[in-house]
1. Being more than 18 Å from Ser127 (Cα to Cα), touching a residue at least 12 places away in the same chain (Cβ under 8 Å) and surrounded by 15 or more Cβ atoms within 10 Å (Cβ to Cβ) narrows it down to one residue among Gly15, Gly45, Gly10, Gly26; which is it?
2. Could you figure out which of (1) surrounded by 23 or more Cβ atoms within 10 Å (Cβ to Cβ); (2) among the β-branched types (Val, Ile, Thr); (3) at pLDDT below 95; (4) assigned to a strand (DSSP E or B) isn't true of Ile130?
3. If I go through the range 48-68 residue by residue, how many of them are surrounded by 15 or more Cβ atoms within 10 Å (Cβ to Cβ) and touching a helix residue (DSSP H, G or I) at 6+ places or on another chain (Cβ under 7 Å)?
4. Among the residues of the range 151-164, which ones are free of Cβ contacts under 8 Å to residues at least 40 places away in the same chain and either in a loop (DSSP other than H, G, I, E, B) or buried (at least 17 other Cβ atoms within 10 Å of the Cβ) (or both)?
5. Among the residues of the range 141-157, is there at least one that is within 21 Å of the chain's Cα centre (by Cα) and within 11 Å of Gly16 (Cβ to Cβ)?
6. If I filter the range 256-274 for residues that are of a type in the set (Ser, Thr, Tyr), over 19 Å from the mean Cα position of the chain (by Cα), assigned to a helix (DSSP H, G or I) and within 25 Å of Val142 (Cβ to Cβ), do I get at least one hit?
7. So which residues in the range 285-312 are part of a helix (DSSP H, G or I), touching a Leu at 6+ places or on another chain (Cβ under 9 Å) and not polar (S, T, N, Q)?
8. Any chance you could count how many residues in the range 257-280 are without any contact (Cβ under 8 Å) to a residue 60 or more places away in the chain and over 12 Å from Gly200 (Cβ atoms)?
Amino acid sequence: MTTRRIAVVGIGAIGGLFGGRLAAAGHQVTFIARGATLAALRERGLVVDSPEGDLRLHPVVCTDDPTTVGPVDLVLVCVKAGQVAALAPTLRPLVANGTLVIPMQNGVEASGQLAAALGDAALEGYSRVIAEAIAPAHIRHVAVTPTLAFAPRVGATSSPAPATLAGWRDLFRGAGLAVEDTPDVQRALWEKFMFVEPLGAVGGAARVPFGELLAVPETRALLDACVREIRAIGVAHGVTLGEDSVASVWARYDKLAPEGTASLQRDLMAGRPSEFDAQTAAICRMGRQVGVTTPAHYALYAVLAPQARQAR
């Protein structure tokens, strides 16, 4: 196995879980964190509780200053979506010729924000997993094998060779991660947005778990309206999203664990900083940009914005 240098930026549930698996597989992982998370990494390392195998990694390499790391082979950007635009310029010291930068956020804007600062090193990407940070640098993996997908951005002037991307996919699989080798990552990213954001927004307003959301006809109708608004915006942006994409979302909704909640809902209810601006607010903003009306999201924005503002 070729050992690679990897920087994981943001050590919440996603960064801790994916970064932990890569470090456990023997790669040179530097965790870039701050505050209580950085202190916990230094004191006791990274803890991951997982049905696929627990991890206790100590010591780990960690810092709050990307300039001390130097160029790496891969940057996984795992901060909340609303932090990406401000963070992106600070990542330049990590990037050299051949470095890949993969965003792991919910939402659909992170790749463009990274590319504005880092150029074509920034790929399109997303992750899938059900996990949460239960304490600083302590991650609980609940379900779903940690999965990611990545591909060159649409419109990029230069792209990694297919063999290079295939090599990274093999590396992730070798670390116990799953890779979706989808032919259209942009469509998959929007389909994920259609699935995730309505659950977070409607759940955040109703303040009940999935089972109760899906048991009430009125909230099912609100979820459906939100899914369709996102699809309409995606289509207006040139993304291929057929009516089958709505049916696919609903097939997944009706298989959700009834006690579950979305990360956006959990953050809003706990009064923590959330991805509200990059999810619900973004839908309202993008709808105005392309002339798609979003009445369901506008109402949810009005209800949830005060909670989101208090947590900033």
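The values are calculated or read from the model by the stated rules, or taken from the named source; none is laboratory data. Nothing here was measured: the structure is a model prediction, and the numbers come from that model. Backbone-built Cβ (ideal geometry, glycine too); neighbour counts: all protein chains shown.
1. Gly45
2. (1)
3. Summing the residues that are surrounded by 15 or more Cβ atoms within 10 Å (Cβ to Cβ) and touching a helix residue (DSSP H, G or I) at 6+ places or on another chain (Cβ under 7 Å) in the range 48-68 gives 6.
4. Ala151, Pro152, Val154, Gly155, Thr157, Ser158, Ser159, Ala161
5. So far as the range 141-157 goes, yes, one or more of its residues are within 21 Å of the chain's Cα centre (by Cα) and within 11 Å of Gly16 (Cβ to Cβ).
6. The answer is no, given that none of the residues of the range 256-274 is of a type in the set (Ser, Thr, Tyr), over 19 Å from the mean Cα position of the chain (by Cα), assigned to a helix (DSSP H, G or I) and within 25 Å of Val142 (Cβ to Cβ).
7. Residues satisfying the conditions are Ala296, Ala299, Leu300, Leu304, Ala308.
8. Counting residues in the range 257-280 that are without any contact (Cβ under 8 Å) to a residue 60 or more places away in the chain and over 12 Å from Gly200 (Cβ atoms) gives 5.
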